[in-house]
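**Student:** This structure is in structure tokens; I'll ask about it shortly.
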């Protein structure tokens, strides 16, 4: 797989956009959706693992990230299981919200610059969230 960030971002967008559509076809409830998709994810990630094993602090931080991800994954899966919910409205809100959280969080926690372009992007993302709600 390439290391080009633009190609990786585009590929991630396609597969992250596709998996909920595929998962909804199963007709399975949210907990099982989360479990089975997580198992599939683990298998793919283990095949591609090529980095150093984290130290003890790294394990703790990554486990916390996993718990947070699991909570989000369960909520996301609950949307998938409800057939009366339009995926195009509610699931589309999640990645837009992630943009806002990631950009603002990177500025606050990692000191990334708050450029005019980023601020405008966050404002447009918030407008998109309002329009989709």
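**Student:** Roughly what would the spin-label model give for residue 2 and residue 55, points 7 Å off Cα along C-beta, in nm?
**Tutor:** Output for this residue pair reads 3.5 nm.
**Student:** So what is the relative contact order of region 1-121, in percent, for Cα pairs below 8 Å that sit 6 or more residues apart?
**Tutor:** Values: 34 pairs, mean separation 33.8, N = 121.
With pairs under 8 Å counted, the relative contact order is 28 percent.
**Student:** Same structure again: Can you tell which of 77, 51, 13 shows the greatest fluctuation in a Gaussian network model of the chain with Cα springs below 10 Å?
**Tutor:** 51
**Student:** Could you work out how far the C-alpha centroid of region 93-133 sits from that of region 1-60, in angstrom?
**Tutor:** Distance between centres, Cα-based: 23 Å.
**Student:** Run the quick spin-label model on residue 82 and residue 47: label points 7 Å from Cα toward the beta carbon, then report their separation in nm to one decimal.
**Tutor:** Each label point is offset 7 Å from its Cα along the Cβ direction, giving 3.4 nm.
**Student:** When the chain is modelled as a GNM with alpha-carbon springs shorter than 10 Å, which of 95, 54, 20 fluctuates the most?
**Tutor:** Highest fluctuation among the options: 54.
**Student:** While we're here: Take each of the peptides 84-93, 2-11, average the number of other beta-carbon atoms within 10 Å over its residues, and list them starting from the highest.
**Tutor:** 84-93, 2-11
**Student:** Continuing with this model, one more query. What number in nm² do you get for region 86-133 if you take the convex hull of its Cα atoms and divide its surface by four?
**Tutor:** With every direction weighted equally, the projected area is 3.1 nm².
**Student:** Mind listing P(r) for the chain? All alpha-carbon pairs, 10 Å bins, whole percents.
**Tutor:** 10, 31, 39, 19, 1
**Student:** Over region 86-133, what is the relative contact order in percent, taking alpha-carbon pairs closer than 8 angstrom and at least six residues apart?
**Tutor:** Once normalised by length, the contact order is 59 percent.
Each value in this text was obtained by applying a stated rule to the coordinates, not by laboratory testing. Note that the structure is a prediction, hence the values are computed from the model and not measured. Note that each Cβ is placed from the backbone with ideal geometry, even for glycine, and that neighbours are counted across all protein chains shown.
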